[in-house]
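What follows is a set of notes on a single structure, which appears directly below.
Each value in this text was obtained by applying a stated rule to the coordinates, not by laboratory testing. All values derive from a computational prediction rather than experimental measurement. Cβ coordinates were reconstructed from backbone atoms using ideal geometry, including for glycine residues, and neighbour counts include every protein chain displayed.
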Amino acid sequence: MEIIAVRPVPLARTAPATSRGTSRAAGAKAAAAAHPAAAHPAHPAHPVAPAGPEDIALLAEQAAFDRMMQERAELQREANALRDLAMEQVKKDDATMGAWIKLI
């Protein structure tokens, strides 16, 4: 499976048909001549082959990797949230301990 770079092709503006005999087709030809990229298709003519078993296996492997990374990220977010909660609890415990010491 190959990756083909896609570039947007500027739209060719055609001159409106006038009474002087110019047609839209002539305007399109003039616009294509002014913009060489507009005269050519965005993609070169490559034969499109159906996906083979190795392509399907690669896509399945990529999907499994993506799921694994999403699970790992979720576990890291959960660990961060638990750590933040524990730090807040330690701060409250320290404040409570300080209040008890002041009472003595």
> Hull surface divided by four, with the convex hull built on the Cα atoms of the range 49-103: how many nm²?
Replying inline: 3.9
> In nanometres, what is the gap between the two model label sites at residue 58 and residue 75, each 7 Å from Cα along Cα-to-Cβ?
Replying inline: 2.8
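Roughly speaking, what is the stretch gain from residue 104 to residue 92, that is 0.36 nm per residue apart minus the C-alpha to C-alpha distance, in nm to one decimal? Walk me through the numbers on the way to the answer.
Numbers: separation 12, 0.36 × 12 = 4.32 nm, distance 1.90 nm.
Full extension from residue 104 to residue 92 adds 2.4 nm.
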